[in-house]
1. Could you list, in sequence order, all residues of region 186-217 that are more than 22 Å from Val148 (Cα to Cα) and of a type in the set (Asp, Glu)?
2. How many residues does region 92-132 hold that are part of a strand (DSSP E or B) and either surrounded by fewer than 19 Cβ atoms within 10 Å (Cβ to Cβ) or free of Cβ contacts under 8 Å to residues at least 60 places away in the same chain (or both)?
3. Being among the acidic types (Asp, Glu), under 28 Å from Met212 (Cα atoms), modelled with pLDDT of 95 or more and within 14 Å of the chain's Cα centre (by Cα) is the requirement here; does Asp117 meet it?
4. Restricting the first residue to region 1-16 and requiring it to be small (Gly, Ala, Ser), which pairs with a second residue that is assigned to a strand (DSSP E or B) meet a Cβ separation below 8 Å and a spacing of at least six or different chains?
5. When you go through Ala193, Ala217, Ala223 one by one, which is the residue that is without any contact (Cβ under 8 Å) to a residue 60 or more places away in the chain, in contact with a His (Cβ under 9 Å, 6 or more places away or on another chain) and among the aliphatic types (A, V, I, L, M)?
6. Among the residues of region 1-41, write down those that are within 18 Å of the chain's Cα centre (by Cα), part of a loop (DSSP other than H, G, I, E, B) and closer than 22 Å to Asp247 by Cα.
7. Please indicate, with yes or no, whether at least one residue in region 167-179 is buried (at least 22 other Cβ atoms within 10 Å of the Cβ), at pLDDT 95 or above, in contact with a helix residue (DSSP H, G or I) (Cβ under 6 Å, 6 or more places away or on another chain) and more than 20 Å from Ala139 (Cα to Cα).
8. Please indicate, with yes or no, whether at least one residue in region 201-224 is of a type in the set (A, V, I, L, M) and surrounded by fewer than 14 Cβ atoms within 10 Å (Cβ to Cβ).
Amino acid sequence: MLRLALVQERARFNDPVANLAAGIDACLRARAAGADLVVFPELWQIGYAACPAEPQRRTTWLGRAEPVDGSWVTAFRELAASTETAVAITFLRRTDADPANATAVIGCDGTLALVQDKVHLCDFTWEAVLRPGERFRTAAVHTRAGPVDIGVMTCFDREFPESARALALDGAELILSPNACLICDDRLGQLRARAFENMLAVAMVNYPRPFMNGRSAVFDGIASLANRPRDHQVLASDARPMLRVADLDLDGLRRYRADGLWSHARRRPDAYRNLVGPGPAGEGQP
C-alpha cells in the first residue's frame, strides 16, 4: 500500500517564509499519520497569489521565484530525507526567462526525482506572465512503499485528456494534480475519466474555503473487479481545511494494468494522427 496525504489547507499570499513553516508542519503531521507521500496544492510557496499589474509590486512578486537548487526545494529535500517521506511541493520556479508554475517531486531519500512545469497555463488570467512547461515527464520516485512511477498535471492541465495520456504513455502509475480552482462535478469527472481511461491512479489536492472549495479527491484507477464495474474513488473531501489520507493498493493496480482492457497494446495510434496537429483550420495558431 502507498499512503498519500493531501494538504487541503490554506497558504498565505506572498509569504514564502510562513508557507515553508506551514508546509513542514503539514509534512510532519502527515508522517505521523503514516503517509508515504505528501502532496500540496498549486503554488503553495506563494499561496497562489496573483501577479500584480502595478510595475513595482510585479517586480517584487517576480523576485519570489526560486531556483530548483534554492532554499525552498532544498528545505523539503532535507525534510523528506530526515522523515523518510516523499513530498510533492509546489513553487514559483526561477528560469532563464519568465518564472514557471512548478512541482518538485522528492523521494523519501531526499532525491529530486522530477520537476514538472505547468504546461497548459491559464493565460487568460495573470498566469500569462509565466513560462509554460514544454512536455510531460514521468519519474520513478522512491517511497517507503517502494518505487512508484509518478507524473504531474497541474490544475488546468487536467482539462486536456492529452496530458494524462502523455503521462500514461511515459509509464505513469500515479498522476498528482495540484490545484487552485473551484472544483465542480465536471472537474471531478475529468479526474475520474483520466484514471479510468489510462488505468492509473490520480490524486488531486485543492485549497479549501474561503479561497477555493476543496473537494480534494483520489481515484485508484481500478475501475473493475472480477469483471464487474467498481467505484474507484477512494477519497472525497468537502470544502473545509484538512489533511486527508488515502491508501492506494499499488500491487492491485499493477495486476489490473497487466490484465486490463484499456492497455496500450489495444491503442490505434495511426487513427489518432490529428491529435498532434494544431486543430481545425489552424485553431490555436498565431
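The values are calculated or read from the model by the stated rules, or taken from the named source; none is laboratory data. None of the values given here were measured: they were computed from a predicted structure. When we count neighbours, we look across all protein chains shown, and the Cβ atoms used for this are built from the backbone with ideal geometry, even at glycine.
1. Residue satisfying the conditions is Asp186 alone.
2. Going residue by residue through region 92-132, those that are part of a strand (DSSP E or B) are 92-93, 100-106, 112-117.
Those still in the list that are either surrounded by fewer than 19 Cβ atoms within 10 Å (Cβ to Cβ) or free of Cβ contacts under 8 Å to residues at least 60 places away in the same chain (or both) too: 92-93, 100-102, 104, 106, 112-117.
Total meeting the criteria: 13.
3. Numbers: among the acidic types (Asp, Glu): yes; under 28 Å from Met212 (Cα atoms): yes; modelled with pLDDT of 95 or more: yes; within 14 Å of the chain's Cα centre (by Cα): yes.
Yes.
4. Cβ pairs passing all conditions: Ala5/Leu37; Ala5/Val38; Ala5/Val39; Ala5/Leu243; Ala5/Arg244; Ala5/Val245.
5. When all the criteria are applied, what remains is Ala223.
6. Passing the criteria: Glu9, Ala35, Asp36, Phe40, Pro41.
7. Yes, there is a match, as at least one residue in region 167-179 is buried (at least 22 other Cβ atoms within 10 Å of the Cβ), at pLDDT 95 or above, in contact with a helix residue (DSSP H, G or I) (Cβ under 6 Å, 6 or more places away or on another chain) and more than 20 Å from Ala139 (Cα to Cα).
8. No, there is no match, as no residue in region 201-224 is of a type in the set (A, V, I, L, M) and surrounded by fewer than 14 Cβ atoms within 10 Å (Cβ to Cβ).
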